[in-house]
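K.L.:
This is the structure I have questions about; it appears just below.
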Amino acid sequence: MDFKPADLVRLRSGGEVMTVEKVGRYGGEIKVSAVWFEGTELRRAVFLPVVLELVEAAAAAAPAIAS
């Protein structure tokens, strides 16, 4: 899958909705840098594209349901 800056993504295994910050080569592999908020704290991490999936904007705007 090709991701681009501003795409909304989530780990395939679930978790927070993240915003793609940039896509590029890190250590010789294509990776995706994404950002999200945990409370009021900005978080940032780099992922292999295979572990991410696109999230529809409408789904991202829906309130999370606590389990």
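Laboratory data are not the source of any read-out in this text; all were calculated from the coordinates shown. Keep in mind the model is a prediction, meaning the values are calculated, not measured. So basically every Cβ, Gly included, is an ideal-geometry build from the backbone, and we count neighbours across all protein chains shown.
K.L.:
Taking the Cα-to-Cβ direction at Val46 and at Glu21 and moving 7 Å from each Cα, how far apart do the two end points lie in nm?
P.N.:
Here the modelled spin labels are 1.1 nm apart.
K.L.:
I need the fraction of alpha carbon pairs in the stretch 8-55 separated by more than 17 Å, rounded to a whole percent.
P.N.:
So the pairs more than 17 Å apart make up 28 percent of the total in the stretch 8-55.
K.L.:
Percent relative contact order of the stretch 8-55, based on C-alpha pairs within less than 8 angstrom and at least six residues apart?
P.N.:
39
K.L.:
What order, most packed first, do the peptides 24-33, 38-47 have when packing is the mean number of other Cβ atoms within 10 Å of each residue?
P.N.:
24-33, 38-47
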